[in-house]
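Quick notes on the structure that follows.
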Amino acid sequence: MATAIDIPTQPPQTINGSITLPPPQPNPYTRARESLDRDGFVVLPASLFPSFDLDALRAAAKRLTTTSREGKWPYIRTLPKQFPPWTADASQGIWGVQHLMHPSNPDHLTFAKSYFDAELLKYVAALIGCEQGEMVMELYNMLVRPDHAWSLRWHRDDIAADATAEEELERLGKPGFHAQWNLALYDDASLIVVPGSHKRARTATERSADPYEAHIPGQLVVELKAGEVVFYNNNILHRGVYDETKERMTLHGSIGTTLGSAERARNVLQHGVGEWIKDYDFNDFDPDMEKRAKGMRERLVDLGKKSGDVEYFSKDE
């Protein structure tokens, strides 16, 4: 079980009536980066993001999920397909909702406020190791409860299952150039990871295991409380196990950087965000958020122009 890192605070201490300052505390952004680098993931407590409006997000998420299940929202992840592209046919059930910030979604601003949240972006910049002005808007989707028990296979998001150990190490040795996170609107224990696996090739046991193996040595269930955020390296060995009896509405986002635009193009553009992002309207944003969002959007548009057509990670799965 993974728990959120502590962000320690100490009140001033008094000695003989004089106030002395407490010893300096570790920078919380540095601590988060250290945890991510070491383990491949880090869970941040809800208290770090007081501007997240969980009630508004839940209400918006319920509306869009209902619309999606009714077949009235075409941007969905359909069962039993694991990777894009997906069709707009919801008749077999869904496990995700795409493009939360699409301008045709009446609640797009509610989701955008959490995606472009100033504090969240501070953590993103620290975890990537970039400046705010280098961040690129990427994806904001939602993972939801399926209609029956279902799971994703063990995988790394940007390394094929048949990659050799040498191929794995070559990719893992390169910077990720992005931050990826889950924001749980309800308690969520669907994500399973193998800590530290983002730094090494798969072991013989992992390589020979069934793709849906229930228990791999060292695996850990990331248990999120509502409002908590887990950032994770997308090439950590991981899978999702979905319980149809428990409500799940977990916002699934990613943000990149101009430092590695070419490496991120397929991961982002295969989801179809380039089809609508140039028309995104920021008129309802507050001025500071509008400035941040416009810059990030323009960098994404530029990424699309430079990349052209991209392939899918695993088109037939």
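For this structure, a couple of remarks:
- Scanning the range 4-49 for residues that are closer than 30 Å to VAL194 by Cα, part of a loop (DSSP other than H, G, I, E, B) and either modelled with pLDDT of 95 or more or over 17 Å from the mean Cα position of the chain (by Cα) (or both) yields ILE5, ASP6, ILE7, PRO8, GLN25, PRO26, ASN27, GLY40, PRO45, PHE49.
- Of the residues making up the range 41-73, those that are more than 16 Å from ASN182 (Cα to Cα) and surrounded by 16 or more Cβ atoms within 10 Å (Cβ to Cβ) are ALA60, LEU64, THR65, THR67, SER68, ARG69, TRP73.
- Applying the criterion of being free of Cβ contacts under 8 Å to residues at least 12 places away in the same chain and hydrophobic (A, V, I, L, M, F, W, C) to the residues of the range 154-212, the residue that is farthest from GLY253 (Cα to Cα) is ALA204.
- Residue within the range 172-180 that is polar (S, T, N, Q), in contact with a Leu (Cβ under 7 Å, 6 or more places away or on another chain) and within 28 Å of PRO26 (Cα to Cα) present: no
- PHE83 over 30 Å from LYS199 (Cβ atoms) and in contact (Cβ under 8 Å) with a residue 60 or more places away in the chain: no
- Every residue from the range 173-195 that is farther than 20 Å from PHE49 by Cα, at pLDDT 95 or above and hydrophobic (A, V, I, L, M, F, W, C): ALA189, LEU191, ILE192, VAL193, VAL194
- Per the conditions (1) among the β-branched types (Val, Ile, Thr); (2) modelled with pLDDT under 95; (3) buried (at least 19 other Cβ atoms within 10 Å of the Cβ); (4) farther than 30 Å from SER208 by Cα, the sole criterion not satisfied by THR250 is (2).
- Of all positions in the range 128-138, none carries a residue that is surrounded by 15 or more Cβ atoms within 10 Å (Cβ to Cβ), modelled with pLDDT under 95 and over 30 Å from MET296 (Cβ atoms).
- In the range 78-95, the residues that are crowded, with 22+ Cβ neighbours inside 10 Å and either at pLDDT below 95 or not aliphatic (A, V, I, L, M) (or both): TRP95
- Yes/no for ALA112 being among the small types (Gly, Ala, Ser) and surrounded by fewer than 18 Cβ atoms within 10 Å (Cβ to Cβ): no
- Looking only at residues in the range 209-264 that are among the small types (Gly, Ala, Ser) and in a loop (DSSP other than H, G, I, E, B), the one that is farthest from SER35 (Cα to Cα) is ALA209.
The values are calculated or read from the model by the stated rules, or taken from the named source; none is laboratory data. What you see is a predicted model; the values in this text were computed from it and never measured. Here Cβ is always computed from backbone atoms with ideal geometry, including for glycine, and neighbour counts include all displayed protein chains.
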